[in-house]
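What follows is calculated from the coordinates using simple rules that are stated; it is not laboratory data. Every value quoted in this text rests on a predicted model; they were computed, and no experiment measured them. Here Cβ is always computed from backbone atoms with ideal geometry, including for glycine, and neighbour counts include all displayed protein chains.
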Amino acid sequence: MSKIVLHLYIAGQTPRAERAISTLRRMIEQELAGYECELTIIDVLADPQQAENQKILATPTLIKSSPPP
């Protein structure tokens, strides 16, 4: 199976962002334990161009870029 590549877009270190990060990490550990998984966390306040490139309108937003559907 291909490596699972995930991108989580957040806006700063807010409680909502922290909850999204911890929930996603827990899901990866529990549900995707047998798979190779790469998680990238992008703070749109620090790197707004990344959000613009992906057309991110709200945060937190999770995008699975690999494997394709």
- Here the gain from full extension of Tyr35 to Leu62, 0.36 nm per residue of separation minus their alpha-carbon distance, amounts to 7.9 nm
- Message: Residues of segment 36-65 with backbone nitrogen within less than 17 Å of a virtual label 7 Å along the Cα-to-Cβ line of Ile4, please, listed as ranges.
- Response: 36-41, 61-65
- Task: With no solvent and one equal point scatterer per Cα, compute the Debye intensity ratio I(q)/I(0) for the chain at 0.14, 0.19, 0.22, 0.24 Å⁻¹ and report its log10, rounded to two decimals.
- Result: -0.43, -0.76, -0.96, -1.08
- Mind checking the angle between helix 15-31 and the chain's longest principal axis? C-alpha axes, 0 to 90 degrees, to the nearest 10. 10
- Count the DSSP beta bridges whose two residues both fall in the chain, then state the antiparallel fraction as a percent rounded to the nearest 5. 40
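Please give the length that would be gained between Asn53 and Thr14 if that part of the chain were fully extended, namely 0.36 nm times their separation in residues minus their C-alpha to C-alpha distance (nm, one decimal). Provide the component values of the computation, followed by the final result.
Numbers: separation 39, 0.36 × 39 = 14.04 nm, distance 2.27 nm.
Full-extension gain reported as 11.8 nm.
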